[in-house]
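Written below as structure tokens is the structure these notes are about.
Derivation of every value follows stated rules applied to the coordinates shown; laboratory data play no part. What you are looking at is a predicted structure, and each value in this text was computed from that prediction instead of being measured. Heads up, the Cβs are rebuilt from the backbone with ideal geometry, glycines too, and the neighbour counts pull from every protein chain shown.
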């Protein structure tokens, strides 16, 4: 199979770097173009990006010239698809203009909640990709936009999905303890992080409360009906580098035994696993039985950063469950999620 | 007024050090004896304790000889009261034997849930001190035991009290982000704390779920009737040095406006404030309006470590409230709570 | 005595905040005006500054309106002196224009190395203040400029002074482990600080190598002759909040016994101590005998942040000494140093 | 080639875990037996060890039963070689008894400085392995002991070797900033590490001052003549997890240009590289030209944790050099060094 030519928009930031890491040696995709704002454009990637991942930039990537973001790169580099990690402030126009010509797989929040744009976690709601047809019809685009949710939402919906399917959900109270990388390299000053916790992340609680309802909603006659439970979120920044930890209090519709919850989590599998997509984690959910897991440093790289690790399961009373889950925020929660969506789309012949 | 002679049991640990800090220059109390286990006994305090507080040990304290814990010190040092921060494994016998002769104000969990032992947060349930009479009658002790709760419980019950009084409580889901000092100086290895969160603290969730019900319970005819709401807790260790942060999701009995919640918190005052007890924080609850407060590093020392700081108040739907609160775990949550209880007891003529 | 009216230039940054902390309740000085760049000017201080110190902004300070930096404030607020913590990029002109009218005590590097500007650590080279006369003559200013050195230099020269006086110095190799606050609140991203050390601080090694030679130089006939030893510096950023730690390898001119080094350090005293200046630390140098001291968290606040703590003294061979020293970088190393210089200048009738 | 059967003594600690990681899938060696003290013996490795490395214990290793350390395991598991990471307090007897029968490659300090025991860094002084012949003759052992130095020493001697060869060395003043893992999982309490630096590591300065002289000494007629320069060390513990950073001030015998120093470092190669030993880093020394490298988090894993990264090279005056170097303390500085020594010994037909 000939690899598709990929453009990465917003290639120099932390999610951009994870795109490069995830696309390097990918069986379906090949990085053809790295694009960024005019602050970086024209420089070799090596100079434009403050590489924060351990080890060096892959040599050939470091030598690539960063292009200015603009639809001209589609023809110039013969792009088949673009991945986007651009700021939401410019995404409306930029992603829209790209989608007129090519498929856009985006981490940015801008289009997520639009009714004809799929908000997809490939192993949770793969069938929402069907919205692409509605979207293309609505908008007359040759390409399309598929979004993935906020980094915290992803870790949340993966374990909620099998619980919803089996026991139903009434409400979720979730307290996040999010890693520093979620704010970008310069996002959290060290003076704020050391010996401290910041009980606030701008706009995060709103996203975590809304996005799961769309993702876990039912796709019917060309639209998504939001799921019928309530999420209430408290989002905190802690001093870990990568890996968002979440304590979830969950009210189910039907009563349950803890063993059954463990079983539905452990046995959960979905379309990406069935299709054996290259970056699909097998299993998607890991249940740890130790008292003190999941821990960000030890568990974030499970499934090459794509698995969600769950632990601390406890029942308080009828229909009241508590668990702690962890997912890698810039892999599972960002670049890796987009790539998995694109892998799925390819198999579904949307690319 | 002649100061009372105080003995500190478990004087070398972190709570012991906070006792020394809090009793130094106290208007009612004077440190007469520092006692610890045989590992420390016989040495000058300076050598026995790994002083972890900034600055030096008060000079005269550093020179004091550490005594072996045993009731012999009551006569030897003419003790009027002892404060206890000893391990729970030995507290049953040790605290009991002291209480036969003198009042014991204890941080240790051992006696907390016994029906004739007051579990008191002085500005929440001061009237529970009346249990002392029942206790002395039951046990035939000349002294008595008054306990204060777990370091996480205290920060929880202070803001819950005015909400309970005004709006009633149905349930609380609380996620704690607790400081390292809560486990003692050697409690959490740095390899576990750096770039990490530990989603587990042994025995903590149980205490946080049970103790508030006794503290917020009604005292009637010589016994405490537990409060009628449910607490569900998830306890986590984060990399801050001092100051336990808690996200609380709260279901009230009656509906509320956020402004009313803010008002009842800000206007809350209690017996220690009315009596102008030396270490009573005024006000006991500080409500911060900034988006990003409370923060452990910035807010833990409010009210000389005795105030509870609350922020991030939000209503999700009818009767559903969220807030974040912070309290200093080794002052408000431990030594300072005991000292405030003793100040109250003195005014109530129990000492 | 009527207090002098003080203006603080660059009042919103971290050194600015330490100026406010140090001038609050000062017996000689009164904050009359807080000035900053146009980003902050016009706002109440409370809104303009991201207060990073524990506890709240002193209330009356929080309410003060921040003024735009400009010599107009001299008359408007009847200023007797200004303290400056402005960026070096604008200091040449701004500090110069102020000095035409009033004394300027500055943390900024711009004027430090000019031959007629005193670079003073009050307890090291108080007599260098005499340069002010030369400066006023040279420049025709009504005011004058007195500078204090870089935050790392200060902790270095204080212990070197008595060693130089007694044993002479040939060379110093110094490795600094500097705190995060030295770079300002937003200076070091948390992604760079957690689980890491940064072996570079822009411009720092040059300052640490040059400034001590001027400070420890001899004042003769209106000029300073640089001291005749060599400093070689390696500057590193570590994840402590405040307090610069330095390992120094020292080659002395004459041989020594360690006991003599300890003695000259412990017995050292200088003009600020003799004059009992309000913020002079007594003693200026603390020698700790424990193996594992000084430590930033435990020792930085010694002498209310103005003392330098020394430990780990060891002799390797003839004339080769090693020691570790610690000083608070934003108090002793910045705002506190300026204030102490001004206290000295007042006593010397330069204000 | 049939793989040699390996026993790991002290298998549950942090260096033990790195042995397992390094021996897993090794082309020459196969883990036949994991041994530890009686606290762990008899349990499955999974339960005995607090696995601190990211990801899970290799499954088959987790299932292995931990054996009690004792020479009985040599026959029982048909061991060809043992790697040792046992405490120095018991090493004299234990390692000696094993060496009577099989080759022992040890991280422990006990035998390092004995005159007939090679202290080897395979890419620095490979020829010192010849001491094994002397040792076997002296002691009448069937096996032998080969040691590798302290974790800080290794990072020091690798870059010193080419400088010594080309320019000679007079003295080295080194300030280490060592990672937490160097003290073992429970070695440094988080209360000591957060917002702090500890300027002391027990016994470390002595080792760093002595070991390099033996390693860089000349092997002549069956003994090692210590190198003729002086090392003066200041050892500090900082809050990074892995990777020891060192600032070195170096006095050379001959003068140099920085470019020449860079060249001899970059071009350095040794026997393990020539023999293409499986874990030999190629190149052994990486010179980074960025201002702010090496950094522990970014550079420790270079060469799969076996390379030494050097940066911040600067000349102060004739024959005075400064550089900063970094090496992974539990791989290059411990388990990896032993394994590389054993690979070399195998090729040299000592196994």
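Where along chain D is the Cβ that lies nearest the axis linking it to chain A, and how many Å separate them?
D:195, 2
Can you pull a Stokes-Einstein diffusion coefficient for region B:151-328 at 37 °C (0.692 mPa s), Rh from Kirkwood over Cα pairs, as a whole number of µm²/s?
The diffusion coefficient I find is 196 µm²/s.
Be a star and scan region B:104-132 for residues whose amide nitrogen sits under 16 Å from the point 7 Å along the Cα-to-Cβ vector of residue B:225.
B:128
Can you give the mean number of other chain Cβ atoms that lie within 10 Å of the Cβ atoms in peptide C:245-251?
The mean count of partner-chain Cβ atoms within 10 Å per residue comes to 5.
Which one, B:256, B:83, B:19, has the greatest fluctuation when you compute a Gaussian network model over chain B with C-alpha springs under 10 angstrom?
Maximum fluctuation in the GNM of chain B, among the listed residues, is at B:256.
Using the Kirkwood formula on the Cα atoms of region B:32-150, what hydrodynamic radius do you get, in angstrom to one decimal?
Averaging 1/r across every pair of different Cα atoms and inverting gives 15.3 Å.
Would you mind putting D:41-48, C:133-140 in packing order, based on average other-beta-carbon counts within 10 Å, highest first?
So the order, starting with the most tightly packed, is D:41-48, C:133-140.
Please list the three semi-axes, largest first and in whole Å, of the ellipsoid equivalent to region D:292-351, using sqrt of 5 times the eigenvalues of its alpha carbon gyration tensor.
Equivalent ellipsoid of region D:292-351: 29, 16, 7 Å, largest first.
For the protein assembly as shown, report the % of Cα-Cα distances exceeding 48 Å.
It works out to 41 percent of all Cα pairs.
Quick check on region D:151-328: of the DSSP beta bridges with both residues there, what percent are antiparallel, nearest 5%?
The antiparallel fraction comes to roughly 70 percent.
Placing a label point 7 Å from Cα toward Cβ, how far apart in nm is residue B:186 from its equivalents in the other copies, listed shortest first to one decimal?
Ordered by increasing distance: 0.8, 4.5, 4.5 nm.
Specify the inter-centroid distance of region A:213-277 and region A:1-19, based on alpha-carbon positions, in whole Å.
27
Taking each label point as 7 Å beyond Cα in the direction of the beta carbon, state the distances from residue C:50 to the same residue in the other copies, shortest first, in nm.
1.3, 3.4, 3.6
I need to check one value: relative contact order of region D:306-351, counting alpha carbon pairs closer than 8 Å and at least 6 residues apart, in percent.
31
Sorting D:191, C:113, C:177 on the 10 Å Cβ count, fewest up front, what's the list?
C:113, D:191, C:177
Counting DSSP beta bridges with both partners in the protein assembly as shown, what percentage is antiparallel, nearest 5?
That works out to approximately 45 percent antiparallel.
To the nearest Å, what is the center-to-center distance of region B:75-134 and region C:37-71, using C-alpha atoms only?
Going from one Cα centre to the other spans 48 Å.
How far apart are the residue C:259 label points across copies, placing each 7 Å from Cα toward Cβ, in nm, shortest first?
For residue C:259, the other copies' label points sit at 5.5, 7.6, 7.6 nm, shortest first.
Explain nothing, just the number: relative contact order of region D:151-328, from Cα pairs under 8 Å at least 6 residues apart, as a whole percent.
28
I'd like the projected area of chain C, averaged over all directions, using the convex hull of its alpha carbons. Report it in nm² with one decimal.
Approximately 16.9 nm², given one-decimal rounding.
What's the exposure ranking of C:128, C:144, going from fewest to most Cβ atoms within 10 Å?
C:128, C:144
Is the C-alpha gyration tensor of region B:120-226 telling us rounded, prolate or oblate? Criteria: a/c under 1.5 is rounded; beyond that, a/b larger than b/c is prolate, otherwise oblate.
Oblate.
Let's test the formula: R0 of 35 Å, r as the Cβ-Cβ distance of residue D:53 and residue A:347. What FRET efficiency results, to the nearest 0.05?
Efficiency computed from Cβ-Cβ geometry: 0.50.
How do D:12, B:110, A:176, D:269 line up, fewest other C-beta atoms within 10 Å first?
Sorted ascending by nearby Cβ count, the order is D:269, B:110, D:12, A:176.
For region C:1-111, calculate the relative contact order in percent as a whole number, restricting contacts to Cα pairs under 8 Å that are 6 or more residues apart.
Relative contact order here is 29 percent.
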